[in-house]
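Novice: Please see the structure below; I have some questions.
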Amino acid sequence: MVKKCIATSLNEALLFLKDGEVTIVSGGTDVMVQRRNVAGELPLHDKNVLYLKNVKELYYIKEDGDGLHIGAETSMSDIIADKRVPKILRECLEEIASVNIRNSATLAGNIANASPAGDSIVIDNLLDAKLKLSSVRGSRFVDAKDFVIGVRKTILEKDELIEEIVFPRRDYNHLYWKKVGSRKADSIAKLSFAAAYKLNKNKIEKMRIVFGSVSIKPAQNKSLEDEFIGLSVDELKAKIPYFVDSYRQVISPIDDQRSTKKYREIVAMNLLREFLENIK
Amino acid sequence: MTKFATSVKKVDNEDKCKGAALFVDDIKMDNMLYAKSIRATIACGEIKSIKLPKLPEGYYFIDKDDIKKENVVNIIYSDWPIFCTGHVNYYGEPIGLLVGENRGKLEELAKQIEITYKEETPIFDYSKSYIHKEYTKGDYASAKKRAVKVIKESFESGYQEQAYLEPQGMLVYPDPKIKDKLICTGSMQCPFYIKRAVMRSTGLGEDKVRVIQPAVGGAFGGKEHYPSLTGSQLAAAVIKTHRPVKMVFDREEDIKFSTKRHPSRTDLEALIDKDNHIIGLKAKIHLNGGAYRGCSGVVLSRALIALTNAYTIDNLDVVGDAYMTNTVPTAAFRGFGSPQTIFAMEMFIHHIAKDLGVDALELRKKHLVKQGDVTANSGHFHDPIILPEIIEKAISMSGYDKKIKEYSKPGCNKGIGMSLFLHGCGFTGSGESDLIKAKVKLIKDEKDHVYVYASSVDMGQGNKTTLKRIVSKNLGVRDDQVTFDNPDTDMIPDSGPTAASRTIIIVGFLMEKAAKNLKKIWKKGVRQEIVEPYVGPTYIKWDEDTMQGDAYPSYSWGANVVEVSYDPTTYQISIDGVWSVYDCGRVVDERIAFGQADGGIVQGLGYGYLENEVTDEIGRFRQKNLSDYIIPTAKDMPHLETAFIDNPFVYGADGAKGLGELTLVGGAPAVALAIENAIGKKVNKIPATPEYIMELVTNGKD
């Protein structure tokens, strides 16, 4: 028999996490599907279960000097409705699943689920988001891009949970996001592409490029991003074939029931090329 | 323009909105057991051994040895076993049922069953024909001598999943009052099909099997034959356990193992004379029928008959085969064979026009079917045909004529396509008069309340409302003075299956006659009863062996125009406009007709550009749920504009003909033609997914 805890405070949640393996339910729109049983029977939980829905102190969106903080239990719908949230994140969340799922699903849950097809992780990486991981031992901040390490694998310790996601302030000239799904709503990405740049006096000062659903985790390459820095727009345009060839090596798409390796690779590179060509 | 029949509130609206309507999964009975299918895990081979765990008290395993009479599902061909005979023919073939009180326990026990096989090499291609049909018209060989040009092409279509809201489910229980009598209730289209299937497998008599329809959440053909399988399986379980036994699939089990639309390949050859006229067409049609024939012969028949679609071509040489493959059997689905060949024909005639350098619409207009023309099967189009009016209306609604020119310019990334189509209403040929022989019954009680008895199932399409309206209107009584309860085979005459777009044209026509006859003899305050047998047009003659004669008693017609935009970066298609014009004789209820029109075109469009279902190396479906098997959502569809044009049919209720299937068959070619217009490459396959469009853009033919 598994134990369950419907925590009403962060402290209670952290104490429950302290001993043993625990499945954390934060929204539950993925985990309850993964653990589903035949109709009429209880879910097939193989570990103790912690429900965070009633931890009211984890419902918040607030701004301070570090940037924007989103509490782990804030629903996707509430994040979408808050104009302080970066527009690109709101647009991304709005393309996830359907309204009823977004009313329950959380950003923290989407990150911790660590699906290769997870949409929001791509934007978290693009925006240099940080995750606050907490346990009874204390809290630590990690970069979102280092959090996922494999298919459904993260660096989260057994006794930790995601307490909040922090988006530092950024001053990009342009941010771009495209989800290539199978239809216009309620769709799992075949691939996605997110990019941002900062241009200062006709020179690239900052570049972020992230691909989703074409690797086991969002595909990003720091040294390639650094190669953009200092290029003028014309220099960058001359190097588009080079960057496209280089980024082709960064991704490793597969054939599956949703699309093909070939389609994913070609469209990912089409999107990159189109983004770079439109820089002005 | 048509003067619309007004709409009334659908009689099932309130119960369904409130959640009060009882579907089979809502029905719980005392002592009820659940069943779980135990399925083969290979595509082809002999079962060597089945080792069961020790079953606890009250748990049972039911298999072929528990079938009392015949281990065969009563469909047209008697080759589909209820439980595997020992030789597995597809992955997922039911070997037996585990039956018991607790569903969790059943799952646990199922995991402990050990089955060993001697595997054989499965077949997945079009190499083993198990049904062959053919017909000719005119003299193809001599036409070929006159031809100045011969054009050949092939077209392919994939599986389609019905994706009804309510998955398959069935409950069978012993009659509490009558010994040895079984009652079946479940998600169904054809109560009498289940009754006859259970009678055949159990050996029980007519008076010992009763089928009662609960609320049904959609079917689209998927519940025409499959419930005969589950009904027969559960009947065996009830005979063994003497307790009610229920089996309801979850979505994944339903998608993985229930019947779907036949994948197809159509090879075509057209003969063109010096005036750019199509003087001949040769076709070889391949349907993937799956492991067992079931109803594939009839689907093949309709595919062959529909081939020339809305066009008259004088010389034909048409052959078709249904092929055995080691996959889930395919069966009925809205359109029943015709969506495959109508897609092929619509694309082909456009490709011919392109190759000849002539305007496709002009070429089509020159070949349009007219009243009195000889059909593909050498029968006649007896009734008025208003295709020119339909086309004119479709063009004025959509702006097709201007847009097609504009969008044909390279680089504009927009496209428009128009499909023309027909659908034969009712069963093939004289089947309605000779085989089905439908009957309906009206009973008026002493309080002058009228009860309608027919075997037509309302699975959401609205016939509880429309058939009732036909009766009340013709009796001249208020709507609430007439009741139409869900069919119960102990109460109703057999008015045939709820299929083949026959409910309004055949059953509705009978209701009209019955009501008129009841009105003639109406005596206030007296119980009266009318039984009305079907008498169809006597001029309809059909020979199924030679496929010669009048293939259907009548035809409905239509045009769909679809406008798309195309994203050259992602190869994705967005549907921007949909305009439809239909001739279904006359509309009975406006809102219900629009419901059919909207649902049908969306299902047809999905078939054409989204709904991708493929099998893996052992014949398993790769898309197993509705996140991976993609049907359109409301966001994928623009506002749908639909018009109906009156063209009343003498043998239809108030002139009505069939509508249900008509609204689907033109969707796939219309969207495929629009995509073709947008990308400037020929589309030869549906669904035209972005992956396929990418291939076309790089390697396709202009």
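Novice: Of the numbered conditions (1) in a loop (DSSP other than H, G, I, E, B); (2) within 14 Å of B:Glu691 (Cβ to Cβ); (3) without any contact (Cβ under 8 Å) to a residue 60 or more places away in the chain; (4) open to solvent by less than 40 Å² (accessible area, probe 1.4 Å), A:Ser259 fails exactly one; give the number of that condition.
Specialist: Answer for A:Ser259: the failing condition is (3).
Novice: Among the numbered criteria (1) within 13 Å of another protein chain (Cβ to nearest Cβ); (2) loosely packed, with under 14 Cβ neighbours inside 10 Å, which single criterion is violated by B:Ala35?
Specialist: The one condition B:Ala35 does not meet is (2).
Novice: Assuming B:Lys685 fulfils every condition listed in (1) under 18 Å from B:Gly604 (Cα atoms); (2) touching a Gly at 6+ places or on another chain (Cβ under 7 Å) apart from one, which condition is it?
Specialist: Condition not satisfied by B:Lys685: (2).
Novice: Of the residues that make up the range A:3-14, is at least one touching a strand residue (DSSP E or B) at 6+ places or on another chain (Cβ under 8 Å), under 28 Å from A:Ile80 (Cβ atoms), of a type in the set (Ser, Thr, Tyr) and open to solvent by less than 70 Å² (accessible area, probe 1.4 Å)? Reasoning before the result, please.
Specialist: The initial filter retains those residues of the range A:3-14 that are touching a strand residue (DSSP E or B) at 6+ places or on another chain (Cβ under 8 Å), namely A:3-7, A:10, A:12-14.
Still in the running and under 28 Å from A:Ile80 (Cβ atoms): A:6-7, A:10, A:13.
After this cut, where a residue has to be of a type in the set (Ser, Thr, Tyr) as well, the list is none.
No, every residue in the range A:3-14 fails to be touching a strand residue (DSSP E or B) at 6+ places or on another chain (Cβ under 8 Å), under 28 Å from A:Ile80 (Cβ atoms), of a type in the set (Ser, Thr, Tyr) and open to solvent by less than 70 Å² (accessible area, probe 1.4 Å).
Novice: Let me confirm something: among B:Lys144, B:Lys128, B:Lys111, B:Lys133, which residue is among the charged types (D, E, K, R), exposed (fewer than 15 other Cβ atoms within 10 Å of the Cβ) and within 30 Å of B:Thr308 (Cβ to Cβ)?
Specialist: Criteria check complete, one pass: B:Lys128.
Novice: Strands (runs of 3 or more DSSP E) wholly in the range B:394-494 with at least 1 residues that are more than 23 Å from B:Ile183 (Cα to Cα) and open to solvent by 10 Å² or more (accessible area, probe 1.4 Å) - which ones?
Specialist: Numbers: elements: B:414-425, B:439-444, B:450-453.
Ranges flagged: B:414-425, B:439-444.
Novice: Hey, another quick one. Test of understanding: among A:Asn100, A:Asn113, A:Asn173, which residue is crowded, with 21+ Cβ neighbours inside 10 Å and of a type outside the set (D, E, K, R)? Step through it out loud before you land on a result.
Specialist: On the way: A:Asn100 fails: crowded, with 21+ Cβ neighbours inside 10 Å; A:Asn173 fails: crowded, with 21+ Cβ neighbours inside 10 Å.
One residue alone meets the criteria, A:Asn113.
Novice: Got a sec? Which of B:Val588, B:Val526 is under 28 Å from the mean Cα position of the chain (by Cα), part of a loop (DSSP other than H, G, I, E, B) and not small (Gly, Ala, Ser)? Steps first, answer last, please.
Specialist: On the way: B:Val526 fails: under 28 Å from the mean Cα position of the chain (by Cα).
After applying the criteria, what remains is B:Val588.
Novice: Hey, which of the helices (runs of 4 or more DSSP H) in the range B:640-702, taking only ones fully inside, have at least 2 residues that are open to solvent by less than 10 Å² (accessible area, probe 1.4 Å), more than 14 Å from chain A (Cβ to nearest Cβ) and in contact with a strand residue (DSSP E or B) (Cβ under 8 Å, 6 or more places away or on another chain)? Give the steps one after another, and end with the answer.
Specialist: Details: elements: B:662-665, B:667-679, B:690-699.
Because the criterion is at least 2 residues that are open to solvent by less than 10 Å² (accessible area, probe 1.4 Å), more than 14 Å from chain A (Cβ to nearest Cβ) and in contact with a strand residue (DSSP E or B) (Cβ under 8 Å, 6 or more places away or on another chain), the helices (runs of 4 or more DSSP H) in the range B:640-702 that meet it are B:662-665, B:667-679.
Novice: Which residue out of B:Gly595, B:Gly606 is touching a Gly at 6+ places or on another chain (Cβ under 9 Å), buried (at least 19 other Cβ atoms within 10 Å of the Cβ) and at pLDDT 95 or above?
Specialist: Working: B:Gly595 fails: buried (at least 19 other Cβ atoms within 10 Å of the Cβ).
Of the residues listed, the single one that is touching a Gly at 6+ places or on another chain (Cβ under 9 Å), buried (at least 19 other Cβ atoms within 10 Å of the Cβ) and at pLDDT 95 or above is B:Gly606.
Novice: Quick check on the range B:329-345. Is at least one of its residues within 17 Å of B:Leu271 (Cβ to Cβ), in the same structural domain as B:Gly558 (by TED's automatic domain parsing) and crowded, with 21+ Cβ neighbours inside 10 Å?
Specialist: Step one: of the range B:329-345, the residues within 17 Å of B:Leu271 (Cβ to Cβ) are B:344-345.
Add one more test, that the residue is in the same structural domain as B:Gly558 (by TED's automatic domain parsing), and what stays is B:344-345.
Within this subset, residues satisfying the condition of being crowded, with 21+ Cβ neighbours inside 10 Å are B:344-345.
Yes, some residue in the range B:329-345 is within 17 Å of B:Leu271 (Cβ to Cβ), in the same structural domain as B:Gly558 (by TED's automatic domain parsing) and crowded, with 21+ Cβ neighbours inside 10 Å.
Novice: I've got another one for you. One residue is enough: does the range A:56-65 have a residue meeting the conditions within 24 Å of A:Leu14 (Cα to Cα), out of contact with any Gly (no Cβ under 9 Å at 6 or more places or on another chain), of a type in the set (Lys, Arg) and not in a loop (DSSP other than H, G, I, E, B)? Outline the logic, then answer.
Specialist: Going through the range A:56-65, the residues within 24 Å of A:Leu14 (Cα to Cα) turn out to be A:56-62.
Now drop any that are not out of contact with any Gly (no Cβ under 9 Å at 6 or more places or on another chain), which leaves A:56.
Now narrow it down to the ones that are of a type in the set (Lys, Arg): A:56.
Restricting the remaining residues to those that are not in a loop (DSSP other than H, G, I, E, B) gives A:56.
Within the range A:56-65, one or more residues are within 24 Å of A:Leu14 (Cα to Cα), out of contact with any Gly (no Cβ under 9 Å at 6 or more places or on another chain), of a type in the set (Lys, Arg) and not in a loop (DSSP other than H, G, I, E, B).
Novice: For the range A:188-204: of the residues being over 16 Å from the mean Cα position of the chain (by Cα) and open to solvent by 10 Å² or more (accessible area, probe 1.4 Å), which is farthest from the other protein chains (Cβ to nearest Cβ)? Before you say what the answer is, go through the steps one by one.
Specialist: Applying the first criterion (over 16 Å from the mean Cα position of the chain (by Cα)) to the range A:188-204 yields A:197-204.
Remaining after also requiring open to solvent by 10 Å² or more (accessible area, probe 1.4 Å): A:197-203.
Working: A:Tyr197: 18, A:Lys198: 24, A:Leu199: 22, A:Asn200: 28, A:Lys201: 30, A:Asn202: 26, A:Lys203: 27 Å.
Out of the qualifying residues, it is A:Lys201.
Novice: Separate question: Can you tell me which of (1) surrounded by fewer than 22 Cβ atoms within 10 Å (Cβ to Cβ); (2) more than 14 Å from every other protein chain (Cβ to nearest Cβ) is the one A:Asp124 doesn't meet?
Specialist: (1)
Novice: Are any of the residues in the range B:70-87 among the acidic types (Asp, Glu) and either not assigned by TED's automatic domain parsing to the domain that holds B:Met170 or not in a loop (DSSP other than H, G, I, E, B) (or both)? Don't jump to the end; show me each part of the working.
Specialist: Of the range B:70-87, the ones among the acidic types (Asp, Glu) are B:70, B:79.
From what's left, either not assigned by TED's automatic domain parsing to the domain that holds B:Met170 or not in a loop (DSSP other than H, G, I, E, B) (or both): none.
There is no residue in the range B:70-87 that is among the acidic types (Asp, Glu) and either not assigned by TED's automatic domain parsing to the domain that holds B:Met170 or not in a loop (DSSP other than H, G, I, E, B) (or both).
Novice: Hey, can you tell me all the residues within the range B:289-328 that are open to solvent by 10 Å² or more (accessible area, probe 1.4 Å) and of a type in the set (Phe, Trp, Tyr)?
Specialist: Listed by number, the residues that qualify are B:Tyr292, B:Tyr323.
Novice: Is it true that B:Phe61 is in contact with a Lys or Arg (Cβ under 6 Å, 6 or more places away or on another chain) and in the same structural domain as B:Gly218 (by TED's automatic domain parsing)? Quick ask: steps written out before the conclusion?
Specialist: Values: in contact with a Lys or Arg (Cβ under 6 Å, 6 or more places away or on another chain): no; in the same structural domain as B:Gly218 (by TED's automatic domain parsing): yes.
For B:Phe61, the condition - in contact with a Lys or Arg (Cβ under 6 Å, 6 or more places away or on another chain) and in the same structural domain as B:Gly218 (by TED's automatic domain parsing) - is not met.
Novice: Anything in the range B:615-630 that is within 14 Å of B:Pro263 (Cβ to Cβ), at the interface with chain A (Cβ under 10 Å from one of its Cβ atoms) and either open to solvent by less than 60 Å² (accessible area, probe 1.4 Å) or outside any loop (DSSP other than H, G, I, E, B) (or both)? List them, or say none. Lay out the reasoning, then the answer.
Specialist: Within the range B:615-630, the subset within 14 Å of B:Pro263 (Cβ to Cβ) is B:615, B:619, B:621-623.
Right, trim to at the interface with chain A (Cβ under 10 Å from one of its Cβ atoms) and you get B:621-623.
Within the range B:615-630, B:Phe621, B:Gln623 qualify.
Novice: So, in the range B:191-213, how many residues would count as being open to solvent by 10 Å² or more (accessible area, probe 1.4 Å), touching a strand residue (DSSP E or B) at 6+ places or on another chain (Cβ under 9 Å) and not in a helix (DSSP H, G or I)?
Specialist: Selection size over the range B:191-213: 3.
Novice: Something else now. Any idea which residue in the range B:536-553 is least open to solvent (accessible area, probe 1.4 Å), counting only those that are farther than 12 Å from B:His380 by Cβ and among the hydroxyl-bearing types (Ser, Thr, Tyr)?
Specialist: Out of the qualifying residues, it is B:Thr546.
Novice: Residue check, B:Ala235 against (1) open to solvent by 10 Å² or more (accessible area, probe 1.4 Å); (2) over 21 Å from B:Asp458 (Cβ atoms); (3) among the small types (Gly, Ala, Ser), all met but one. Which one?
Specialist: Among (1) open to solvent by 10 Å² or more (accessible area, probe 1.4 Å); (2) over 21 Å from B:Asp458 (Cβ atoms); (3) among the small types (Gly, Ala, Ser), B:Ala235 violates only (1).
Novice: Which residue pairs have Cβ atoms under 8 Å apart, sit 6 or more places apart or on different chains, and have a first residue in the range B:562-577 that is more than 10 Å from chain A (Cβ to nearest Cβ) and a second that is among the basic types (Lys, Arg) and surrounded by fewer than 23 Cβ atoms within 10 Å (Cβ to Cβ)?
Specialist: Matching pairs, first to second residue: B:Glu563/B:Lys403; B:Glu563/B:Lys414; B:Val564/B:Lys414; B:Ser565/B:Lys414; B:Tyr566/B:Lys414; B:Asp576/B:Lys414.
Novice: Here's another thing I want to ask about it. What strands (runs of 3 or more DSSP E) lie completely within the range A:134-186 and have 1 or more residues being more than 15 Å from A:Gly118 (Cα to Cα) and more than 14 Å from every other protein chain (Cβ to nearest Cβ)? Steps first, please.
Specialist: Working: elements: A:138-143, A:148-150, A:161-167, A:174-180.
Ranges flagged: A:138-143, A:161-167, A:174-180.
Novice: What number goes with the only condition from (1) within 14 Å of another protein chain (Cβ to nearest Cβ); (2) touching a strand residue (DSSP E or B) at 6+ places or on another chain (Cβ under 8 Å) that A:Asp30 does not pass?
Specialist: (2)
Novice: Ok, one more. Considering each of A:Val85, A:Val166 in turn, give the residue that is touching a His at 6+ places or on another chain (Cβ under 6 Å) and buried (at least 17 other Cβ atoms within 10 Å of the Cβ). Can you show your working first?
Specialist: On the way: A:Val85 fails: touching a His at 6+ places or on another chain (Cβ under 6 Å).
When all the criteria are applied, what remains is A:Val166.
Novice: Could you grab me the full set of residues in the range B:135-160 that are outside any strand (DSSP E or B), touching a residue at least 60 places away in the same chain (Cβ under 8 Å) and farther than 27 Å from B:Asp545 by Cα?
Specialist: B:Arg146, B:Ala147, B:Val148, B:Gly158, B:Tyr159, B:Gln160
The values are calculated or read from the model by the stated rules, or taken from the named source; none is laboratory data. Every value quoted in this text rests on a predicted model; they were computed, and no experiment measured them. Glycine also receives a Cβ, built like all others from the backbone with ideal geometry; neighbour counts cover every protein chain displayed. Note: accessible area is taken over every heavy atom of the protein model, side chains too, but ligands, DNA and RNA are not part of it. Shrake-Rupley method; radii C 1.70, N 1.55, O 1.52, S 1.80 Å.
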